[in-house]
Amino acid sequence: MSRKKKSKGLPPWLMGLLLLIVGAGVYYLLTTNASEASLRTVEVLNPDLYYENANSLRGNTYKMDVTIDSSLGNSPSKGRLFSVVLKNDDKSAVPVKVPVLIPLQLGNLTIQKGQHYLMKVKVVDNGMLQAEEAFKP
């Protein structure tokens, strides 16, 4: 009587499929910006609420998609103050500008007018928006 030999291990097509899936996962992780991932769960700043009463938002953290409008000031002890325009998907809407303080901890950023940034900001004690993270998308 002849017996059929049992194969050990996974079939070659399944091994190839697993390698393809693992390779796609590694590629995704290497090409995804880690900074953007840190903003995934942060709420987007609502400018209407901010202008209505910024002090009521104290301590909260938000994300903003902005374009640098102009430099408003520079303090050697606190950092740089910029006017930024919030990105708006509605092209017919009026641009919304807010001030953002870039603290000394983020002093390595070379910020210029017209640059596009994603920012994680915190509303500090006086209602000022202070950047915690900022990077170009």
field: Single residue of the stretch 1-20 satisfying the filter (of a type outside the set (K, R) and loosely packed, with under 10 Cβ neighbours inside 10 Å) that is modelled with the lowest pLDDT
entry: M1
message: With the structure loaded, tell me whether V123 is under 23 Å from E43 (Cα atoms) and exposed (fewer than 15 other Cβ atoms within 10 Å of the Cβ) or whether it fails that test.
response: no
field: Yes/no for D65 being among the acidic types (D, E) and either within 18 Å of L49 (Cβ to Cβ) or not in a strand (DSSP E or B) (or both)
entry: yes
- prompt: Which residue out of L106, L86, L72, L118 is of a type outside the set (S, T, N, Q), surrounded by 16 or more Cβ atoms within 10 Å (Cβ to Cβ) and over 14 Å from the mean Cα position of the chain (by Cα)?
  reply: L106
message: Restricting to the stretch 37-87, and then to whatever is closer than 23 Å to F135 by Cβ and acidic (D, E), can you tell me which residue is modelled with the highest pLDDT?
response: D69
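Which fully enclosed strands (runs of 3 or more DSSP E) of the stretch 85-137 have 2 or more residues being closer than 13 Å to M64 by Cβ, of a type outside the set (V, I, T) and without any contact (Cβ under 8 Å) to a residue 40 or more places away in the chain?
Answer list for the stretch 85-137: 96-103, 129-135.
The values are calculated or read from the model by the stated rules, or taken from the named source; none is laboratory data. Note that this is a predicted model, so its numbers are computed, not measured. Every residue, glycine as well, gets a Cβ built from its backbone with ideal geometry; the counts of neighbours run over all protein chains shown.
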